[in-house]
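This report concerns only the one structure given below.
The values are calculated or read from the model by the stated rules, or taken from the named source; none is laboratory data. Everything numeric here is computed off the predicted structure, so don't read it as measured data. Neighbour counts run over all protein chains shown; Cβ positions are idealised from the backbone, glycine included. Accessible surface is based on the protein model in full, side chains and every heavy atom, while ligands, DNA and RNA are left aside. Shrake-Rupley method; radii C 1.70, N 1.55, O 1.52, S 1.80 Å.
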Amino acid sequence: MLSRIFLFKVNISVNLDINMKEIVFYRMESGRCPVEEFLDSLTDKQAQKVVWVMQLVEEMEIVPAQYFKKLTGTDELWEMRVQFATDIFRLLGFFDGSNVIVLNHAFQKKSKKAPRQEISISETRKREYLNRRFKN
C-alpha cells in the first residue's frame, strides 16, 4: 500500500529547486527492497506520517534534527526519524552525491539508541550498493 502512496507522491513532486533532495530506496541484487517491505507492513496512518517526513527531508533546505540527522560513529549514515503516537521508526541511509538519499534499512525503534545490529545492516547494504554502482 505505501509503495503505491510513495510512488504517487514521487510522480507528482516536480523538482523545481536544484537544492531539493531526492529519496530513493535501495534494492538488493535479487530485486527485493527492504525499506519498501518495511513500509508496506505499517498501518495507513503510520505510512502517511513516514511519507510526510520523507517529503520534509526532500523539500527543506535545512531539516531539523528531530526528523533527519547524521549518525555519529558510523560510515556516513543518516537517520530519518519518525514518531507516530508511541511508535518510533527509523529509516537509515546515506547520500549518493549531494542531493540523493538512498534509504537502505528501516526498523521500529524500541530502545533509546539505534541498535548496533541495525546500523551494521545499513553499513553492509551501503557497501553493496556502492560496489554494484562502481562495477557498472
*Candidate set from region 1-18 (those that are within 28 Å of residue 61 (Cβ to Cβ) and outside any helix (DSSP H, G or I)); member that is modelled with the highest pLDDT*: 18
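Any idea how many residues of region 19-58 are assigned to a loop (DSSP other than H, G, I, E, B), touching a residue at least 60 places away in the same chain (Cβ under 8 Å) and either closer than 23 Å to residue 131 by Cα or open to solvent by 40 Å² or more (accessible area, probe 1.4 Å) (or both)?
Of region 19-58, the ones assigned to a loop (DSSP other than H, G, I, E, B) are 19-21, 26-33, 41-43.
This time we only want the ones that are touching a residue at least 60 places away in the same chain (Cβ under 8 Å), so: 19-21, 26, 28-29.
The next check asks that each one be either closer than 23 Å to residue 131 by Cα or open to solvent by 40 Å² or more (accessible area, probe 1.4 Å) (or both); those that pass are 19, 21, 26, 28-29.
Counting residues in region 19-58 that are assigned to a loop (DSSP other than H, G, I, E, B), touching a residue at least 60 places away in the same chain (Cβ under 8 Å) and either closer than 23 Å to residue 131 by Cα or open to solvent by 40 Å² or more (accessible area, probe 1.4 Å) (or both) gives 5.
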_Search result, residues across region 60-86 that are surrounded by 13 or more Cβ atoms within 10 Å (Cβ to Cβ), touching a strand residue (DSSP E or B) at 6+ places or on another chain (Cβ under 6 Å) and in a loop (DSSP other than H, G, I, E, B)_ = 67, 71, 77
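Anything in region 87-106 that is open to solvent by 10 Å² or more (accessible area, probe 1.4 Å), closer than 23 Å to residue 27 by Cβ and of a type in the set (A, V, I, L, M, F, W, C)? List them, or say none. Before you say what the answer is, go through the steps one by one.
Residues of region 87-106 open to solvent by 10 Å² or more (accessible area, probe 1.4 Å): 87-88, 90, 95-100, 105-106.
Narrowing further to those that are closer than 23 Å to residue 27 by Cβ: 90, 95-100, 105-106.
If the condition is that a residue be open to solvent by 10 Å² or more (accessible area, probe 1.4 Å), closer than 23 Å to residue 27 by Cβ and of a type in the set (A, V, I, L, M, F, W, C), then 95, 100, 106 are the ones that fit.
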